[in-house]
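Encoded as structure tokens, the structure appears first; notes follow it.
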Amino acid sequence: MRCAPIYHHRDDTSIGYIVASFLALRLEVDLQRRLEGRKVRVAWPNLMRDLVQVQAVEVDLDGRRYRLRTDMVGAAHEAFAAAGLRPPSPVTHLGPARPA
């Protein structure tokens, strides 16, 4: 994948980019520390690969709406646990189907 350089011609966009980058780094370090505290050893690129595979889709079936989640692979479940989050349920009933 190729990325073009990002040019910031205004101070507010430059500051926003710096803040977002710092926040992303801070969240990465925090999650890595939490994983280490749980004795989980996983390379960051591998963890991101595992987490990106956690996806959901909403479907209508027999007049009801559901959210279906893919299976957790690799260290994805450990990342949720380290963050103090319960992974989403594989099947979640969302209510009646939306009108067509």
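What the table below lists for this structure:
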| item | result |
| --- | --- |
| Square roots of 5 times each gyration tensor eigenvalue, C-alpha, region 11-96, largest first, Å | 30, 20, 11 |
| Estimated inter-spin distance, residue 77 and residue 51, nm [label 7 Å along Cα→Cβ] | 1.8 nm |
| Extension reserve of the residue 85-residue 59 stretch, reckoned as 0.36 nm per residue once the Cα distance is removed | 6.9 nm |
| Theoretical FRET efficiency, 1/(1+(r/R0)^6), r = Cβ-Cβ of residue 10 and residue 92, R0 30 Å, to 0.05 | 0.10 |
| Leading residue at positive end of dipole, the chain (Cβ point charges), from 80, 16, 52 | 80 |
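Values in this text are rule-based calculations from the coordinates and carry no lab data. Computed from a predicted model, the values in this text were never measured in an experiment. Virtual Cβ from ideal backbone geometry, glycine too; neighbours counted across all protein chains shown.
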